[in-house]
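Below is one structure; the comments refer to it alone.
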Amino acid sequence: MAGARPQDGACTGRAREVVTAAMRALRFHVFGGPEVLRIDELDAPAPGDGEVLVEVHAGGLNFADTERRAGTYLADQPLPETSGFEAAGVVRDGPREWVGKRVAFVHPRAHAELCVVPIAKLIHLPDQLDFVTGAAFPLQALTAWHVLHTLGRVTEKDTVLIHAAAGGVGQLLVQLAREAGATVIGSVSRAAKFDVVKRRGAHHVLTRGPEFQQQLRELAPSGVNLLLEGLGADVDALTSLAPLGRWVTFGTAAGQPAPVTLESLYEKSVTVSAFWLRTEMPAHLREHATNEVLARLLDGRLQLETTTVPLEDAARAHRRLEGGLTVGKWVLTLR
């Protein structure tokens, strides 16, 4: 399968291609706004047992990067810190069977020219997919798959509401939910984002605002069966859901949500769950999701909308992401 990995125990020795002694890395020395980001020159790291050194070509930008930089996520970890949790490139040092391989991965300190990555976190990147695609899909596409299928258990009978449907995860959720046969309603922050959501396959697109719930009721009088959101705040999920509805949350891009009490769930017998890609889960679930996503990227069933910016322009990219001014996935290019 496309996402299969060599067995760690199959190592017959280590190999190393020519690697520079220094590298550039996107770092922050204090918490703050995008202005605290800077490019530092550091010594090249060396991989240990069970690790490889990846020459990074592109790095995916995510809300976790902005939250880490601002000090609202993993704030207990020491500074200075290298930004980034997702990237793609070529293995330059490690077990022989990995050196020279094109890979994608999810691992901290990814927005640097060189990154040490555990072998267990590597994903083979097929030759048909470029490095920008490789950096764009792991966090968001795998999150979308698990949110919709693993936790959401979508069926063709469902009406699905996807908040922030024009974003990176949102566009992927729209495509996957439409493929599953569900009726798809997407919400956006402004009307300018309507077209991209419709193009991805949504049956209906609504703007989040004062009239949102009324418009939603016209489309789904009893409420929606499945609500998927990574906003946190400003999501009136319990009002939107039908009896026996499922609510899956996967982020707090708009801020922390209002508290939800158990008592408030009883009236409609609602199921609430949350997803985090870092959660330890059975290997077969991870491998299945990776293979399913890669298969759809390769045959075109799953389309990514990407915007690339050079590493030197990372502060602008952070600023636009935080301001809700991005559509699809933004990717930092390093080579």
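The values are calculated or read from the model by the stated rules, or taken from the named source; none is laboratory data. Computed from a predicted structure; not experimentally measured. Cβ atoms come from the backbone with ideal geometry, glycine included; neighbour counts cover every protein chain shown.
Worth pointing out:
- Test: residue in segment 222-243 that is among the β-branched types (Val, Ile, Thr) and either under 20 Å from Val106 (Cα atoms) or outside the structural domain of His146 (by TED's automatic domain parsing) (or both): no
- Every residue from segment 71-102 that is of a type in the set (A, V, I, L, M) and crowded, with 22+ Cβ neighbours inside 10 Å: Ala87, Ala88, Val91
- The criterion of at least 1 residues that are under 19 Å from the mean Cα position of the chain (by Cα), over 20 Å from Gln171 (Cα atoms) and acidic (Asp, Glu) is met by the following helices (runs of 4 or more DSSP H) wholly inside segment 206-311: 283-299.
- Taking segment 15-61 and the strands (runs of 3 or more DSSP E) fully enclosed by it, no element has 1 or more residues that are at pLDDT 95 or above, surrounded by 20 or more Cβ atoms within 10 Å (Cβ to Cβ) and at positive phi.
- Only one of the numbered conditions (1) touching a residue at least 40 places away in the same chain (Cβ under 8 Å); (2) closer than 25 Å to Leu332 by Cβ is not met by Val174, and that is (1).
- When the residues of segment 258-274 are filtered to those that are of a type outside the set (Gly, Ala, Ser) and in contact with a strand residue (DSSP E or B) (Cβ under 6 Å, 6 or more places away or on another chain), the one that is surrounded by the most Cβ atoms within 10 Å (Cβ to Cβ) is Val270.
- Condition met for Val184 (within 14 Å of Leu226 (Cβ to Cβ), at pLDDT 95 or above and not assigned by TED's automatic domain parsing to the domain that holds Leu321): yes
- Strands (runs of 3 or more DSSP E) contained entirely in segment 89-170, each with at least 1 residues that are in contact with a Phe, Trp or Tyr (Cβ under 9 Å, 6 or more places away or on another chain): 102-106, 114-118, 122-124
- Scanning segment 294-328 for residues that are within 15 Å of Gly84 (Cβ to Cβ) and modelled with pLDDT under 95 yields one hit, Leu321.
- Criterion applied to Ala220, Ala177, Ala136, Ala191 was being within 23 Å of Ala64 (Cβ to Cβ) and out of contact with any Asp or Glu (no Cβ under 6 Å at 6 or more places or on another chain), and the one residue passing it is Ala136.
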